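Notes follow once the structure below has been shown.
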Amino acid sequence: MTGSTATNGEQNLHILSVLVENRFGVLSRIAGLFSRRGFNIFSLAVAPTDDPSRSRISIVVDVHNTDATQIAKQLDKLVNVLDITELQPGSSIERELMLARVTASDADAMRQVIDQFGASVVDSNEEELIISVHAHPTELDLCETALRKFGIIELQRTGRIALGHLGG
Amino acid sequence: MELTGAQALVKSLEMCDVEVMFGLPGGAILPVYDPILDSKIRHVLVRHEQGAGHMAQGYAHVTGKPGVAIVTSGPAATNIVTPLCDAYMDSIPMVAITGQVALASIGSDAFQECDTTGITMAVTKHNYLVTDPADIPRIVKEAFHIATTGRPGPVLIDVPKDVSNETMEWYWPDEIDLPGYSPITDVDADKISEAIELIRAAEKPVIYAGGGLLKAHAADALKRFVGLTGIHVATTLMARGVFPDRDPLCLGMPGMHGNYTAVMAFQRSDLLINLGARFDDRVTGNTEFFAPDAKIIHVDIDPAEHGKVRLPDVAIQGDARQALEALIAEHEISGGSKVDRSEWKSTISGWQEQHPLQYEQADSGFPLKPQFVLEQLRDNTPDDTIVVAGVGQHQMWASQFWKFDHPYTWVNSGGLGTMGFAVPAAIGAKAGQPNRMVWAIDGDGCFQMTAQELITAAAENIPVKIAILNNAYLGMVRQWQELFYDERYSEVYLSPDHPDYVGWAEAMGCAGIRVESADEVLSAIEKANAINDRPVVIDFRVDAFEKVYPMVPAGGSNDDIILGPEGDADAKAKGTAPS
């Protein structure tokens, strides 16, 4: 993932929400499958679910060259993979968290950005601020662009997580 | 009953009905080799761990049962990676057991440590690192289940030395609990009727029979389906023998070195019925030009094969035998073909008449043609002889010129193309079918890669027979250099005399015979067939300049098939840099 190009070509990005058994090497199996089949991982977020024997891996895949169904079918062959849901853009709630360490200058302008994106200042000193913001990844792109003019010293994004729309 | 992990492992293998395992002991697997002494399972001591893996494969090919290989950690585990990858590519059921350094030493770069599960992750259907001896029965049972069900494949179990030494309370699990693994074998009835509609309406249908049919024990069902529909069958390299070559509806092998008729029947077909094959690049050539007018029915137990290479019109997920049974039942209900296929049939028989496989053996007997050797072997061995090949020209000639009339009589390395496969795989096949004659057809290049396993064959009394088609070259590479690299022969000459194959065979406890002329072929074969107390090696000195035809230049369209040397100029013009 590189800088603010994080969500370029959003239409090519599908999310595979993959439920796995929490077993030795499971992440390695998934990452290995992607590299050996030539699939692209755009971002990846992984954490245990409410059931500690299961983890949920949210993989954003670039389907520009490979159809997401083929990726899902290959993933499904892994013995430790329990379930795969393909979430298409627009049909799911997507969120990502970003932490940015920025130069503290022009407090009014900074306040405007913070308010606009619903961000919060989680740490500060006289020269720098650390800003936390969680939003849809495209919103984070915009926020990142807005922060750039203050001078980004360090920035970290988590990769997106998602759940399907409830419908109805 | 309290057992050590090692005892539990061997007992678990017995519970899985293992009859024979192929292996070689070493430090980390030492605890497991002690209870092997007391086990009813036969252990075949190999001379190199790669041999253990290929023997397990050969055994699995001819018995349908999972082959078992057992080796130690580190270099032994890395030596078995090639057979694992080969088994993975060709969907061969296999269980490999590797020793590992003690759990506490893992990650410390201990002596003979390597990350076996990490290394083999990409070449196994699944693998395990055992961390508790109490898990051993469950893991062994799961491993055999995974290896043999769905799309078969290799499974590896890595057993640290301390886990083998520690004790556990013996149990045998009643059930398998693998929530993430449930291969679907039942076929969808709607898809079956859609397929039958396509079949009934097709004017130019062809069956593209793949290795999945053998895995599914579907040879009989295929015969009945063909009897019912009258549709021609081409059998891929992995499926040779699943439909009898002598049946008039058999077209032989398709692909890069396939029979002209099989290749053209695919190209001109309006319906390809793919049963357990995967549109391999050696069959399709350039996919853009492959069977351009054909609709596709694709039966595969692995849904990831549907649309991986070619999008099917009807995708049937499931076991090939069950799919065929369902197709037969539906076809019987729906009535026969709606169209007249007589024109297609006469087109096919026209191709067969015009373009049979061809070669010419000079009356003088020199130079000896490899195809002549194969025809003589074919005609002077029992009908159910098991034929095992390495990889290269000899493999293609063997597939072309043998007449396979029974399933499970052909063993070769298809997907991975592993040179050196034949000798150990033949030993494994003979261990699995000791009452059948087993002939390995090998090249001189291949033979030199794994021939030390003939010592295993001699020592273990596994009397295989090896026919080396010795052309003194890495022949297939030589063929491509001739056609596509302006006859610039780079590092392909091996010499006919070094090694002295007869001397080598004798040094390894085998009988050795040399054949230089066509006149000597029959008597040598008869002599070899009569030797059953040790392995036999025949060094057939064959024509180094003979090439494999037909040939579709790599990356080219199957329409550009070259029939013989007269087409070499075309091949050179049309062939891209081979891949």
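I need the phi-derived Karplus couplings for segment B:376-392: 6.51 cos²θ - 1.76 cosθ + 1.60, θ = phi - 60°, integer Hz, Gly and Pro marked x.
For segment B:376-392, the Karplus curve yields 5, 4, 4, 7, 10, 10, x, 4, 9, 4, 8, 10, 10, 10, x, 9, x Hz.
Among B:Ile139, B:Gly285, B:Leu324, which residue has its Cα positioned farthest towards the positive end of the charge dipole of chain B, with +1 placed on the Cβ of Lys and Arg, -1 on the Cβ of Asp and Glu, and the dipole taken about the Cα centre?
Among B:Ile139, B:Gly285, B:Leu324, the one farthest towards the positive end of the dipole of chain B is B:Leu324.
Give the average over all directions of the projected area of the C-alpha convex hull of segment B:113-210, one decimal, in nm². If you can, show how the numbers build up before the last one.
Details: hull surface 38.6 nm².
Projected over every direction and averaged, the Cα hull of segment B:113-210 covers 9.7 nm².
Would you compute the Debye intensity of segment A:1-150 from its alpha-carbon atoms alone, equal scatterers and no solvent, and pass along log10 I(q)/I(0) at q = 0.12 Å⁻¹ to two decimals?
-0.61
Can you tell me the relative contact order of segment A:24-168? Whole percent, Cα pairs under 8 Å, sequence separation 6 or more.
Averaging sequence separation for qualifying contacts and normalising by length gives 27 percent for segment A:24-168.
Using only helices, what value at 222 nm comes out for chain B when you add -39,500 (n - 2.57) per DSSP H run of length 4 or more and divide by the total residues, to the nearest 500 deg cm²/dmol?
Rounded to the nearest 500, it is -10500 deg cm²/dmol.
Considering every residue in A:15-27, what mean count of other chain Cβ atoms within 10 Å of its Cβ is obtained?
On the way: counts 0, 0, 0, 0, 2, 1, 3, 0, 3, 4, 7, 1, 0.
The shielding value for this peptide is 2.
Sort B:311-319, B:468-476, A:88-96 for me by packing, meaning the mean count of neighbouring Cβ atoms within 10 Å per residue, highest on top.
Working: B:311-319: 20.0, B:468-476: 25.7, A:88-96: 15.9.
So the order, starting with the most tightly packed, is B:468-476, B:311-319, A:88-96.
Select from segment B:309-393 those GluC sites (Glu not before Pro) which occupy a DSSP coil region and have at most 10 other Cβ atoms within 10 Å, ordered by residue number.
B:Glu360
What is the set of long-range amide H partners of B:Ile466 at a cut-off below 5 Å, with H atoms built 1.01 Å from backbone N?
Close amide H contacts, sequence-distant or interchain: B:Ala440, B:Val536, B:Val537, B:Ile538.
Averaging the inverse of every distinct alpha carbon separation and then flipping it gives the Kirkwood radius. What is it for segment B:60-161, in angstrom units?
13.5 Å
Taking 45 Å as R0, compute the FRET efficiency from the Cβ-Cβ separation of B:Asp497 and B:Asp38 and round it to 0.05.
Efficiency computed from Cβ-Cβ geometry: 0.40.
Using a 10 Å cut-off around each Cβ of peptide B:244-257, what is the average number of partner chain Cβ atoms that fall inside?
0
Where does each of B:Thr261, A:Thr158 land when they are ranked from fewest to most other beta-carbon atoms within 10 angstrom?
Lowest count first: A:Thr158, B:Thr261.
Given H placed on each backbone N at 1.01 Å, which residues far from B:Ile97 in sequence or on other chains put an amide H within less than 5 Å of it?
B:Ala69, B:Ile70, B:Val71, B:Ile157
Counting DSSP beta bridges with both partners in the protein assembly as shown, what percentage is antiparallel, nearest 5?
Working: 49 of 115 bridges.
Bridges in the protein assembly as shown that DSSP calls antiparallel: roughly 45 percent.
May I have the extent of the alpha carbons of the protein assembly as shown along their three principal axes, as whole Å values ordered from largest to smallest?
The Cα atoms of the protein assembly as shown stretch 100, 67, 58 Å along their principal axes.
If neighbour count is taken as other Cβ atoms inside 10 Å, put B:Ile119, B:Ile513 in order from fewest to most. All intermediate terms of the calculation are to be shown ahead of the outcome.
On the way: B:Ile119 16, B:Ile513 21.
Lowest to highest Cβ neighbour count: B:Ile119, B:Ile513.
Fewest Cβ neighbours within 10 Å first, please rank B:Leu327, B:Leu228 accordingly.
B:Leu228, B:Leu327
Measuring from label point to label point, each 7 Å out along Cα→Cβ, what is the A:Lys149 to A:Arg36 span in nm?
Spacing of the two 7 Å Cα→Cβ label points: 5.0 nm.
To the nearest whole number, what is the average tally of beta carbon atoms from other chains within 10 Å of the beta carbons of peptide B:302-308?
So the per-residue partner count for this stretch is 5.
Using a simple spin-label model with points 7 Å from Cα along the Cα→Cβ vector, what separation in nm is obtained for A:Ser120 and A:His134?
1.0 nm
Cross-link candidates for B:Lys161: which lysines have Cα within less than 21 Å, leaving aside residues fewer than 8 places away along the same chain?
Within the straight-line limit of under 21 Å, B:Lys161 reaches these lysines: B:Lys11, B:Lys141.
Rounded to the nearest 20 debye, what is the charge dipole size of the protein assembly as shown about its Cα centre when +1 sits on each Lys and Arg Cβ and -1 on each Asp and Glu Cβ?
Computed charge dipole of the protein assembly as shown: roughly 780 debye.
Which distance in nm do the two modelled labels at A:Ala104 and B:Asp281 give, with both placed 7 Å along the Cα-to-Cβ direction?
5.9 nm
Would you calculate a helix-derived [θ] at 222 nm for chain A, using -39,500 (n - 2.57) for each DSSP H run of n ≥ 4 and dividing by the full residue count, to the nearest 500?
-7500 deg cm²/dmol
Which value, to two decimals, describes the C-alpha radius of gyration of chain B once divided by 2.2 N^0.38 Å? Walk me through the numbers before you get to the answer.
Working: Rg = 24.3 Å, N = 579, 2.2 N^0.38 = 24.7 Å.
Its radius of gyration relative to the 2.2 N^0.38 Å reference: 0.98.
Would you work out the charge dipole size for segment B:132-258 about its Cα centre, treating the Cβ of every Lys and Arg as +1 and the Cβ of every Asp and Glu as -1, and quote it to the nearest 20 debye?
980 debye
Under the Karplus relation 6.51 cos²θ - 1.76 cosθ + 1.60, θ = phi - 60°, what is the ordered set of whole-Hz ³J(HN,Hα) values for segment B:281-287, x standing for Gly and Pro?
5, 6, 9, 7, x, 5, 4
Report, in whole Å, the centroid distance computed from the Cα atoms of segment B:4-38 and segment B:65-82.
Segment B:4-38 and segment B:65-82 have Cα centres spaced 13 Å from each other.
Under a 5 Å amide H to amide H cut-off, with H placed in plane at 1.01 Å, what residues pair with B:Val20 once short-range neighbours are removed?
B:Arg42
Go through segment B:427-514 and name the trypsin sites (Lys or Arg not before Pro) that are in a DSSP coil and have 10 or fewer other Cβ atoms within 10 Å of their Cβ.
Details: sites: B:Lys430, B:Arg436, B:Lys465, B:Arg478, B:Arg488, B:Arg514; in loops: B:Arg436, B:Arg488.
Answer in residue order: B:Arg488.
Each residue of segment B:359-368 in turn: what ³J(HN,Hα) in whole Hz from Karplus with 6.51, -1.76, 1.60 and θ = phi - 60°, glycine and Pro shown as x?
Result, ordered by residue: 6, 10, 9, 5, 4, 5, x, 10, x, 6 Hz.
Taking a label point 7 Å from the Cα of B:Asp519 along the Cα→Cβ vector, which residues of segment B:360-394 have an amide N closer than 12 Å to it?
Residues passing the 12 Å test: B:363-366.
Expressed as a rounded percentage, what relative contact order does segment B:202-354 have, with Cα pairs under 8 Å and six or more residues apart?
On the way: 276 pairs, mean separation 39.3, N = 153.
Relative contact order of segment B:202-354: 26 percent.
Laboratory data are not the source of any read-out in this text; all were calculated from the coordinates shown. Everything numeric in this text was worked out from a predicted model, so none of it was measured. As a convention, Cβ positions derive from the backbone with ideal geometry for all residues, glycine included, and neighbour counts pool all protein chains shown.
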